1. If I filter region 85-100 for residues that are exposed (fewer than 13 other Cβ atoms within 10 Å of the Cβ) and under 24 Å from residue 3 (Cβ atoms), do I get at least one hit?
2. Step by step: first the residues of region 86-101, then only those that are part of a strand (DSSP E or B) and over 11 Å from the mean Cα position of the chain (by Cα), then the one that is nearest to residue 132 (Cα to Cα). Which residue is that?
3. Out of region 9-24, which residues are assigned to a helix (DSSP H, G or I) and under 20 Å from the mean Cα position of the chain (by Cα)?
4. Do you know which residues across region 112-141 are touching a strand residue (DSSP E or B) at 6+ places or on another chain (Cβ under 9 Å), part of a helix (DSSP H, G or I) and surrounded by fewer than 14 Cβ atoms within 10 Å (Cβ to Cβ)?
5. Count, please, the residues in region 48-69 that happen to be touching a strand residue (DSSP E or B) at 6+ places or on another chain (Cβ under 7 Å) and open to solvent by 80 Å² or more (accessible area, probe 1.4 Å).
6. For region 13-37, what are the residues that are open to solvent by 40 Å² or more (accessible area, probe 1.4 Å) and either modelled with pLDDT under 90 or farther than 24 Å from residue 83 by Cβ (or both)?
7. Go through region 34-80 and report how many residues are touching a residue at least 60 places away in the same chain (Cβ under 8 Å) and in a strand (DSSP E or B).
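The values are calculated or read from the model by the stated rules, or taken from the named source; none is laboratory data. This structure is a prediction, so every number in the text was calculated from the model and none was measured. Backbone-built Cβ (ideal geometry, glycine too); neighbour counts: all protein chains shown. Areas reflect the complete protein model, heavy atoms only, side chains present, ligands, DNA and RNA absent. Shrake-Rupley method; radii C 1.70, N 1.55, O 1.52, S 1.80 Å.
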Amino acid sequence: FEPVFVYALKERFKADPLIFVYDFALEAEDGTRKIKVRNNSTSFYSDSGEDQEVKVRDIWRFIEAQGKPEIDLLKMNCEGSEYKILRRLWDVNYMPHIKQIVVQFHPQFMMEHECFEKRLSETHECLFKSDHWQWWKVKNG
């Protein structure tokens, strides 16, 4: 899911039929958002960089469109949107269907972080934790 550098990724992975590159970001609702682009990095929450309008899709609607599969691994490094995405997945009670979650929590949102760790521990156990990165595995899975 890459709303800005989609063409480079499609070119890079065009020979691999198991890799799908989508030209939108996943969040908690459908729409468009302004994203800051600076060199090869992007962020919805940065103050520096050039503005670019991008498509965003509701993660739950995307999962539903795929037939609500069990997810083996959800890896997120989405510059702060991880909180919105996780909240949306809790709202639809989908978290137990995600076997492993690897997430980079971003420090500008650390007030929410402790709450999310507590909530994740209801359905998942933490296997690894560093300053920002965490790896969670579903309980009894």
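1. yes
2. By that ranking, first place goes to 100.
3. Of everything in region 9-24, those that are assigned to a helix (DSSP H, G or I) and under 20 Å from the mean Cα position of the chain (by Cα) turn out to be 9, 10.
4. Of everything in region 112-141, just one residue is touching a strand residue (DSSP E or B) at 6+ places or on another chain (Cβ under 9 Å), part of a helix (DSSP H, G or I) and surrounded by fewer than 14 Cβ atoms within 10 Å (Cβ to Cβ), namely 121.
5. 4
6. 13, 14, 15, 16, 17, 18, 19, 20, 36
7. 0
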